[in-house]
Each structure stands twice: as C-alpha cells, then as structure tokens.
1. Taking the stretch 51-69, which residues are over 30 Å from Pro33 (Cβ atoms) and of a type outside the set (Gly, Ala, Ser)?
2. With respect to Pro33, determine if the residue is of a type outside the set (Lys, Arg) and modelled with pLDDT of 70 or more.
3. Could you look through the stretch 12-33, keep only residues that are of a type in the set (A, V, I, L, M) and surrounded by 10 or more Cβ atoms within 10 Å (Cβ to Cβ), and pick out the one that is farthest from Gly59 (Cα to Cα)?
Amino acid sequence: MPKRKYDSVNPLSNEVLTLENVWRHYRRWERRPGSLKEAFVRFVQRDGWVYEDFWALQGFSLTVQRGEVVGSVVPMGRARVRY
C-alpha cells in the first residue's frame, strides 16, 4: 500500500492542530475610493493611496487537543467560512 501524503501525523498524539508564531497583516484604507474612476485617478497620481497597517495577529500560537472545540467571535457580518 503506498504511503499517503499526511501519514507523518503521530496517531498516538493528542494534538490535532498546532499553530506557532502566526502573523497576519492587513491594510485598511483611511480614505477608501468611492468609485473605480477615483481609484484609477489616485493610482495614476500616486498621492491618494492612503492606508494604515493593521496587524490582526502577531506571534499567535495555538494547540488544539483531540476532542476540543474551537470557535471565534467576530463582529456581525464579518464571519467568513473558508474550506
């Protein structure tokens, strides 16, 4: 039987998921363009791209043990499900 790609997981371990030192960065517009035309004009002029850096995660670590449930709380309308 050929070895599967994820057979490196230790079946005796209780750790199901481990994240270590995760960083996530976003850019938040201070003055968001109101239209495609305005965005294009700002791009050409190079003076209208005003944004601030926002770090959602800095050095985040998490370990989930077998049988634990993990959830997140986000503002209304911000939840996203990705598979």
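1. Narrowing the stretch 51-69 to residues over 30 Å from Pro33 (Cβ atoms): 59-69.
If the condition is that a residue be over 30 Å from Pro33 (Cβ atoms) and of a type outside the set (Gly, Ala, Ser), then Phe60, Leu62, Thr63, Val64, Gln65, Arg66, Glu68, Val69 are the ones that fit.
2. On the way: of a type outside the set (Lys, Arg): yes; modelled with pLDDT of 70 or more: yes.
When the stated conditions are applied, Pro33 passes them.
3. The initial filter retains those residues of the stretch 12-33 that are of a type in the set (A, V, I, L, M), namely 12, 16-17, 19, 22.
Cutting the leftovers down to surrounded by 10 or more Cβ atoms within 10 Å (Cβ to Cβ) gives us 16-17, 19, 22.
Values: Val16: 20, Leu17: 16, Leu19: 10, Val22: 5 Å.
In this case the residue turns out to be Val16.
Rundown of residues vs (1) of a type in the set (D, E, K, R); (2) surrounded by fewer than 10 Cβ atoms within 10 Å (Cβ to Cβ); (3) in contact with a Lys or Arg (Cβ under 6 Å, 6 or more places away or on another chain); (4) modelled with pLDDT of 75 or more, yes/no style:
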residue	(1), (2), (3), (4)
Lys37	yes, yes, no, yes
Phe43	no, no, no, yes
Gly48	no, no, yes, no
Tyr51	no, no, yes, yes
Phe54	no, no, yes, yes
Gln58	no, no, no, yes
Arg66	yes, yes, no, yes
Val69	no, yes, no, yes
Val73	no, yes, no, no
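The values are calculated or read from the model by the stated rules, or taken from the named source; none is laboratory data. Just so it is clear, the model here is predicted, and its values are computed rather than measured. For neighbour counting, all protein chains shown are included, and Cβ atoms are generated from backbone atoms with ideal geometry for every residue, glycine included.
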